[in-house]
1. Per residue, how big is the convex hull around the C-alpha atoms of the chain? Give it to me in cubic angstrom, could you?
2. To the nearest 10 degrees, how steep is helix 65-87 against the longest Cα principal axis of the chain, on a 0 to 90 scale?
3. Say the dipole of the chain comes from +1 at the beta carbon of Lys and Arg and -1 at that of Asp and Glu; which of Y137, P93, V23 then lies farthest toward its positive end?
4. According to a simple spin-label model (label point 7 Å from Cα along Cα-to-Cβ), what is the distance in nm between M60 and H76?
5. Given springs between every Cα pair under 10 Å in a Gaussian network model of the chain, which of L133, L125, L110 has the largest fluctuation?
6. Calculated FRET efficiency, K101 and Q24, Cβ-Cβ r, R0 22 Å, to nearest 0.05?
7. Give me the extension gain from Q146 to I124: residue separation times 0.36 nm, minus the current Cα-Cα distance, reported in nm with one decimal.
8. With only Lys, Arg, Asp and Glu charged, each at its Cβ (+1 for the first two, -1 for the last two), find how big the charge dipole of segment 1-114 is about the Cα centre; round to the nearest 20 debye.
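All of the numbers you see were taken from the coordinates with simple rules; none came from a lab. For clarity, every value in this text was computed on a predicted model and none was experimentally measured. Reconstructed Cβ throughout: ideal geometry from the backbone, glycine too, with neighbour counts over all protein chains shown.
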Amino acid sequence: MTTIYDALRDSHDVQRKLADELVQTQGASEQRAEIFKQLKHELAAHATAEERYFYIPLMMHDAGIDLSRHALAEHHELDELVETLEETEMSSPTWLVYAKKLADEVHHHLKEEEHKFFQMSGKILTEQQKTALAPQYLEDFAQQKQRLAAE
Ligand SMILES: [Fe+2]
Ligand SMILES: [Fe+2]
């Protein structure tokens, strides 16, 4: 049975792959623009659905407050870095500096979630919640992706 952890990890793997690909791109190329767009959408869709179907249920418990706040603050930081990249000339060397910072922060955030928050939340969520949240997250994630693709 798919748990919320399996569902979240699927997108994490995509994020890691896209972040690594992004820093390998050069100049204002079509490839750079395309990978950036894919990563931006993946990050945004994942963060929204993860906040709704993982962190909000955790925040209902006192023991889940601090870890959720920390994760949400990091989502916000990632958003700001994406915004900075959008405001920076893609052909400039600065763009790659920010892209590397984004990739580093993506890796840091996912590692912290997978190695720390998943374990902590495992003691807070019930077994029933761990499976029930997976399809809810996945449905919202798919909707978010669709909405972003239509923009
Ligand atoms: Fe995540
Ligand atoms: Fe996250």
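1. On the way: hull volume 15.1 nm³, N = 151.
Residue-normalised Cα hull volume stands at 100 Å³.
2. 20 degrees
3. Checking the options against the dipole of the chain, the answer is Y137.
4. Output for this residue pair reads 2.4 nm.
5. L125
6. My answer for the efficiency is 0.90.
7. Length gained, Q146 through I124: 4.8 nm.
8. Magnitude of the dipole: close to 200 debye.
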